[in-house]
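The values are calculated or read from the model by the stated rules, or taken from the named source; none is laboratory data. All of these numbers come straight from a predicted model, not from anything done at the bench. Here the Cβ positions follow ideal geometry from the backbone for every residue, glycine too, while neighbour counts run over all protein chains shown. Accessible surface is based on the protein model in full, side chains and every heavy atom, while ligands, DNA and RNA are left aside. Shrake-Rupley method; radii C 1.70, N 1.55, O 1.52, S 1.80 Å.
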There are 4 protein chains.
Amino acid sequence: MSSVRLFSTGGTIAKKYDEISGELVFDGKHIQKILTQGRCTLDVKITPLMLKDSLDMNEVDRDTILNECKDNLDSTILITHGTDTMVESAKKLSSIKEKTIVLTGAMIPYAFKNSDAVFNLAFALSTVQTLSHGIYISMNGQNFRWDNVQKNKKEGTFEKLI
Amino acid sequence: MSSVRLFSTGGTIAKKYDEISGELVFDGKHIQKILTQGRCTLDVKITPLMLKDSLDMNEVDRDTILNECKDNLDSTILITHGTDTMVESAKKLSSIKEKTIVLTGAMIPYAFKNSDAVFNLAFALSTVQTLSHGIYISMNGQNFRWDNVQKNKKEGTFEKLI
Amino acid sequence: MSSVRLFSTGGTIAKKYDEISGELVFDGKHIQKILTQGRCTLDVKITPLMLKDSLDMNEVDRDTILNECKDNLDSTILITHGTDTMVESAKKLSSIKEKTIVLTGAMIPYAFKNSDAVFNLAFALSTVQTLSHGIYISMNGQNFRWDNVQKNKKEGTFEKLI
Amino acid sequence: MSSVRLFSTGGTIAKKYDEISGELVFDGKHIQKILTQGRCTLDVKITPLMLKDSLDMNEVDRDTILNECKDNLDSTILITHGTDTMVESAKKLSSIKEKTIVLTGAMIPYAFKNSDAVFNLAFALSTVQTLSHGIYISMNGQNFRWDNVQKNKKEGTFEKLI
């Protein structure tokens, strides 16, 4: 049976509300909740790498992601990631040639009623199983190659460069 | 820009609660609601074919689906469908060779808090854009070929025959 | 510390979706889920009496409710009940003079995203603690005396007779 | 027909997620959304006074609330308010003797799946219609007099002083 490796790194998708502090905080269980809601029977092996806003990621963090992707035996890897520097991390991974690596995330945290988290994670979960080797970003119902995608910060959507 | 044709046929995914009758009824707007929640920017051309429980579908209904798939100019077609006879409809479509056709649905209607509708539709939306020509069922985070899938009615999940 | 007795009898408020049968079924845990979501610290003593659509209730059922209300030591009693015969059950209880008894329910089951269950139960939970002895129906943000209320079946709302 | 005046002042109950900024912001429509979900037919006259975290309220803000409560012709007034200084505002209003004024709010914004906003607002909406003149805080399924309540910041709940 096929399986998928999932590296979670934090980002908007992972946020929940802490009622004591009144702040958005990270929820380490968000991926499992989404897979359960989706009645997913695929073998998704979840490995938390970090819980960070992608604007707070530095080169050490991106090296960590790169090395985990390289070292991992799985050839189909899904990465949940903040949207702000998702393109940058995808570029960082572009040296990896023999794997299918897909990055996804959300504009609205899973904990909100109107979140796009379930949609994006599910969409990307198919992408990582079906596309040939390469580095992709899956957002807004579309699959983008790492070298032809940008975040439109005004619209809050991803789009092709050309 | 690429696009996807979506034929909706009803099924569990499309049900909502009618508070006057106290019955589950069909909601003709469920697909658009899911795409909006997913912040989908892909061009999804929705064509409602019917609103039926799949157990109520007869050969005339399946002929309608078959003919619409054949006649339509789009080569990537997503079909939302009740789960009970989804495999039967997939088999019916297997004579079509030059298109990618994906069937999906839900075990729990979109209107429920714990629905798998968003997950399944989003997952299938990537499948239909990425897999080569053929007839597929996308459920439970997995893509099944039409001739190697069955519904496990006890578990409420889809699984391979072999 | 004050407390409230809650008799649950079923009705629309208690329904959830059974994904195997495709039917709406009763969820014995709906009251506790609502109280938890409401972060309720009041001592609500839940006693399930039955799980029935109110259209299926007969005189034996109503006698059960009446006797439980009479025999119970608590003088503040909240009853969750189907809306179709809620007025009939309220009338049945009108012989009880020394207690505050409030009936409530929902037009849309708790399991649906757009349910009025939390609103109604919370509203009624205040009513039962604040109104003087008598039999009341709490629905649609209003408290009705048992002898001046009817269900408008066309609108799906409760209203005064005069 | 009876009616209730509702002054909204902001607070946690009113927050939603802004997907462009990634911040929690105020949603001016949260009260109407809750009343609609509750299928409320009561005449609730909503008057927005401000949109503030209650920690950011100053004496000018509290004077505004006090004067609005005094000047308004309605004698049943519901105030939605941040929880952190709700007790302080209630105290400020205690000079008003001939009205029933109820303050409520939420620990988790309405926009979140697990919010207590609907529960609290509905509960308070009954309180304001049923209790005699006085100033009250309605939270956690309980009604507190203004001079016998405190927020337990560690638990995120309201409790009596004695």
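Counted over the range C:1-135, the DSSP beta bridges are approximately 20% antiparallel.
For A:LEU161 and B:LYS70, what does the FRET efficiency come to when R0 = 51 Å and r is the distance between their Cβ atoms, rounded to the nearest 0.05? After rounding to 0.05, the efficiency reads 0.90. Across identical copies of the chain, B:SER94 has label-point separations of 4.3, 6.7, 7.9 nm, listed in ascending order, with the point defined 7 angstrom from Cα along Cα→Cβ. One residue of chain B places its C-beta nearer than any other to the axis carrying B onto D; that residue and its whole-Å distance are B:LYS113, 4. For the range C:1-38, heavy-atom accessible area (probe 1.4 Å) falls by no less than 40 Å² from the chain alone to the full protein assembly at C:TYR17, C:GLU19, C:ILE20, C:LEU24, C:GLN37, C:GLY38.
Across the range A:1-97, Cα pairs under 8 Å and at least six residues apart give a relative contact order of 44 percent.
Dipole orientation for the range B:87-162: of the candidates B:ALA111, B:GLN142, B:ASN152, B:ASN152 has the Cα lying most toward the positive pole (charges on Cβ; Lys, Arg +1; Asp, Glu -1). The residues packed around B:ILE135, meaning those with a beta-carbon under 10 Å from its beta-carbon, carry a net charge of +4 if Lys and Arg are +1 and Asp and Glu are -1.
With its label point defined 7 Å out from Cα along the Cα-to-Cβ axis, B:ASN152 lies at 4.3, 4.5, 5.0 nm from the matching points of the other copies, in increasing order.
Determine the shape class of the range A:1-47: with a ≥ b ≥ c the square roots of the Cα gyration tensor eigenvalues, call it rounded for a/c under 1.5, and otherwise prolate if a/b is greater than b/c, oblate otherwise. Here the range A:1-47 falls in the prolate category.
Restriction of the GluC sites (Glu not before Pro) in the range B:65-162 to DSSP coil positions whose beta-carbon has at most 16 other beta-carbons within 10 angstrom yields B:GLU98, B:GLU155. Ascending distances from the B:ASN72 label point to its copies in the other chains, with the point 7 Å along the Cα-to-beta-carbon line: 3.4, 5.3, 5.4 nm. Which shape class applies to the range D:74-117: rounded if a/c is under 1.5, otherwise prolate when a/b exceeds b/c and oblate if not, where a ≥ b ≥ c are the square roots of the Cα gyration tensor eigenvalues? The shape class here is oblate. In percent, rounded to a whole number, the relative contact order of chain B is 24, using alpha-carbon pairs under 8 Å and six or more apart.
The loop-placed trypsin sites (Lys or Arg not before Pro) in the range B:74-144, going by DSSP, that have at most 12 neighbouring Cβ atoms within 10 Å of their Cβ come out as B:LYS97. Taking Cα centre as origin and charging only the Cβ of basic (Lys, Arg, +1) and acidic (Asp, Glu, -1) residues, the dipole magnitude of the protein assembly as shown rounds to 0 debye. Note on the range A:93-120 and the range B:50-111: Cα centroid distance 29 Å, given to the nearest whole angstrom. Within the range B:83-118, the residues that become at least 30 Å² less accessible when every protein chain is included than when their own chain is isolated (1.4 Å probe; DNA, RNA and ligands ignored) are B:MET107, B:ILE108, B:ALA111, B:PHE112, B:LYS113, B:ASP116, B:VAL118.
If you take the square roots of the eigenvalues of the alpha-carbon gyration tensor of the protein assembly as shown and sort them as a ≥ b ≥ c, do you get rounded (a/c under 1.5), prolate (a/b over b/c) or oblate? Since a/c reaches 1.5 but b/c is at least a/b, the shape of the protein assembly as shown is classed as oblate.
Using 1/(1 + (r/R0)^6) with R0 = 35 angstrom and r between the beta carbons of D:ILE20 and D:LYS45, what's the FRET efficiency to the nearest 0.05?
Here the calculated transfer efficiency is 0.60.
Rounded to the nearest 100, the interface formed by chains C and D buries 2500 square angstrom of accessible surface, both chains summed, with a 1.4 Å probe. Computed over chain C, the per-residue total of -39500 (n - 2.57) for DSSP H runs of n ≥ 4 gives a 222 nm mean residue ellipticity of -7500 deg cm²/dmol, rounded to 500. On chain A, 48 percent of the accessible area sits on carbon and sulfur atoms, based on a 1.4 Å probe. Of all DSSP-defined beta bridges confined to the protein assembly as shown, some 35% are antiparallel rather than parallel.
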